[in-house]
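The values are calculated or read from the model by the stated rules, or taken from the named source; none is laboratory data. Source: prediction; values computed, not measured. Heads up, the Cβs are rebuilt from the backbone with ideal geometry, glycines too, and the neighbour counts pull from every protein chain shown.
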Amino acid sequence: MNLRKSIIDCIELLSLPSKQLEYEKNVPIANVPAELICGFCDDLYHPKSERLIAEFTEEELKGLAHLYGMLCESTTETTSSVKELLKTEKWRSVVWIAKDLADHYKRNPVYQGSTDNADKPRV
């Protein structure tokens, strides 16, 4: 698994309300608001992981930490649907931060210091 790509894909989902609504439509039995948060906070973001640290620049790690903090704050919102979640100020902040990060990763998809070369073009 390419950790950097997985995190960038998750951030992309968090940055696009239309994709969040589509995800909920395609997975009707899941608690999608919880899945959106857990996908990043529980499954991918482990700030002390050597692998994570090796895959991102110092500035990128700060951005990930900021997103993590906002996702944690958004857990205080009790919603049963993405539509309801998107109406909350805290979730709109999550989307805004994720959009900013997603824009950065579109310009910088690969970190040159990365230890995972699986998805890098060979020269």
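Scanning the range 21-55 for residues that are within 12 Å of the chain's Cα centre (by Cα) and assigned to a helix (DSSP H, G or I) returns E35, L36, I37, C38, G39, F40, C41.
For the range 70-108, the candidate set comprises residues that are among the aromatic types (F, W, Y) and touching a residue at least 12 places away in the same chain (Cβ under 8 Å); within that set, the residue that is surrounded by the fewest Cβ atoms within 10 Å (Cβ to Cβ) is Y105. Residue-level check: of (1) farther than 16 Å from S81 by Cβ; (2) at pLDDT below 95, E12 misses just (2).
Can you name every residue in the range 15-69 that is loosely packed, with under 13 Cβ neighbours inside 10 Å and of a type in the set (A, V, I, L, M)? Those that are loosely packed, with under 13 Cβ neighbours inside 10 Å and of a type in the set (A, V, I, L, M): V27, I29, A30, A65.
Annotation note: Cβ proximity below 9 Å between a residue of the range 49-65 that is β-branched (V, I, T) and a residue that is in a helix (DSSP H, G or I) (sequence gap 6+ or interchain) occurs for I53/L61. Scanning the range 1-56 for residues that are of a type in the set (F, W, Y) and in contact with a Ser or Thr (Cβ under 9 Å, 6 or more places away or on another chain) yields one hit, F56.
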